[in-house]
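Accompanying notes for the structure given below.
Throughout, read-outs are computed from the coordinates displayed, never taken from laboratory work. Only a predicted model underlies this, so the values are computations on that prediction, with no experimental measurement involved. Using ideal geometry, Cβ is built from the backbone for each residue, glycine included, and neighbour counts are taken over all protein chains shown.
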Amino acid sequence: MQRIFSGIQPSGIPTLGNYLGAIRNWVALQQDHECLFCVVDLHAITTWQDPATLRAATRELAASIIACGIDPRAHVLFHQSAVHAHVRLSWIFNCVARLGWLNRMTQFKDKAGKDREQVSSGLYVYPNLMAADIHAYHATRVPVGDDQRQHLELANDIGQKFNHDFGVEFFPVIEPLILGPAARVMSLRDGSKKMSKSDPSDQSRINLTDDADTIAAKIRRARTDPEPLPHEPQGLEGRPEARNLVGIMAALLDQDAAAVLREHGGKGFSAFKESLAALVVEKLEPIAAETRRLLADPGTLDSILRDGAARAAAIADPIVAEAERLVGFLKV
């Protein structure tokens, strides 16, 4: 059984995009993989975080993940900062990775923008920590979106350079898993942008804790165009908002766009949005209710995270200790 590592930042309540693009796939992977699911709070502080907000967001994210169907007893759910092996290995990888490799990371360029000299050095070496997250567990598969594929390639480069530098076959090759029919759910306000927890407009996203009325209102207000839905997927070309809403329905029904358009093609968006809103509410209401139940009992939630961190450390500590021995660190 192959080992999977998956991480998600505690930057807010997960969205429908997080659910369809990642978390729902994580739930399915539990059936035939050994899974580690991580709330990556170390990655979160590459940009400044209010401490109280970060702690609350970590609990909220853990509760949402469990509510979506992750089983913290059969698999491992933990928060990154509780397992020190991540930091220990990331420093070694900071010394293995080359500046030229990091300079090619397009996500850093996108996030830093024109303020490159003002962003934290943590944001720059973020990919080295991501490599450590995975290699600390000798994970062989990582479910990622297209925007993280380059970071995964770098993680393999770092692992293979470590192996070469120290004459070992220690870190395995990592295989990316690109999963799910709706890997990129777009903003409800702009079909050219990914749905994001950090978007300033709450109307741009559907949060997993939104109630039925809020979900329906957001979908009714979602940006569309004046034309009715086409009868075939080719008719969605050049219509990003229409493609997004059809894609959301298709993903929630485990269908493709063609099947959705066979039923709804020719309809105006008003009728289609009502059907979509009812479907989203049906799928998300149980998740929202379970999330609220878990958050009402923070002691139990913290106990789950402590147990997960202990189980994660039991895997990672021996692996990282061996990496430190290979590097030449004195163990006394």
Expected vector for the stretch 240-247, Karplus 3J(HN,Hα) from phi with 6.51, -1.76, 1.60 and θ = phi - 60°, integer Hz, x for Gly and Pro, equals x, 5, 5, 4, 5, 5, 5, x
Among rounded, prolate and oblate, which fits the stretch 37-141 when a ≥ b ≥ c are the square roots of the eigenvalues of its C-alpha gyration tensor, a/c under 1.5 means rounded, and a/b larger than b/c means prolate? oblate
What are the ³J(HN,Hα) values, in whole Hz, obtained from phi via the Karplus relation 6.51 cos²θ - 1.76 cosθ + 1.60 with θ = phi - 60°, for each residue of the stretch 11-21 in sequence order, with x given for Gly and Pro? 9, x, 4, x, 9, 4, x, 4, 5, 6, x
The extension gain from MET1 to GLN203, computed as 0.36 nm times the residue separation minus the Cα-Cα distance, is 68.6 nm
Would you mind telling me which residue in PRO200, PRO14, PRO176 has the biggest mean-square fluctuation in a Gaussian network model of the chain, where springs connect alpha carbons within a distance under 10 angstrom? PRO200
Rounded, prolate or oblate, given the Cα gyration tensor of the chain, with a/c below 1.5 counting as rounded? prolate
Going 7 Å from the Cα of ALA314 in the Cα-to-Cβ direction, what parts of the stretch 139-173 have a backbone nitrogen less than 20 Å from that spot? 139-140
Note the full-extension length gain between ARG104 and SER121 as 0.36 nm times their separation in residues minus their Cα-Cα distance, in nm to one decimal. 4.6 nm
What is the set of long-range amide H partners of HIS79 at a cut-off below 5 Å, with H atoms built 1.01 Å from backbone N? VAL39, ALA309
Compute the FRET efficiency between LYS193 and ASP157 as 1/(1 + (r/R0)^6), taking r as their Cβ-Cβ distance and R0 = 22 Å, and round to the nearest 0.05. 0.15
Between helix 126-135 and the chain, what is the angle of the helix's C-alpha long axis to the longest principal axis, kept within 0 to 90° and rounded to the nearest 10? 80
Centre separation in Å (Cα based) which lies between the stretch 149-172 and the stretch 1-75: 25
Can you tell me what share of the DSSP beta bridges in the chain is antiparallel? A percent to the nearest 5 is fine. 10
Extreme residue, positive dipole direction of the chain, given options HIS79, SER275, LEU42 (C-beta unit charges): LEU42
Plugging the Cβ-Cβ distance of ALA278 and TRP48 into 1/(1 + (r/R0)^6) at R0 = 35 Å yields, to the nearest 0.05, a FRET efficiency of 0.30
Would you mind calculating the relative contact order of the stretch 209-293 from Cα pairs under 8 angstrom and at least 6 residues apart, reporting the percent as a whole number? 45
Find, among the trypsin sites (Lys or Arg not before Pro) in the stretch 55-113, those assigned to loop by DSSP (not H, G, I, E, B) with at most 16 other beta-carbon atoms within 10 angstrom. ARG73, ARG98, ARG104
Listed highest first by mean packing, meaning other Cβ atoms within 10 Å per residue, what order do 34-47, 130-143, 212-225 come in? 130-143, 34-47, 212-225
If a/c stays under 1.5 just call it rounded; otherwise compare a/b with b/c (prolate if a/b is bigger, oblate if not). Do that for the stretch 114-189, with a ≥ b ≥ c from the square roots of the Cα gyration tensor eigenvalues. oblate
Okay, helix-only estimate at 222 nm for the chain: each DSSP H run of n ≥ 4 adds -39500 (n - 2.57), divide by all residues, round to 500 deg cm²/dmol; what do you get? -16500 deg cm²/dmol
Sparsely packed GluC sites (Glu not before Pro) within the stretch 236-332, loop by DSSP, other Cβ within 10 Å at most 15: GLU237
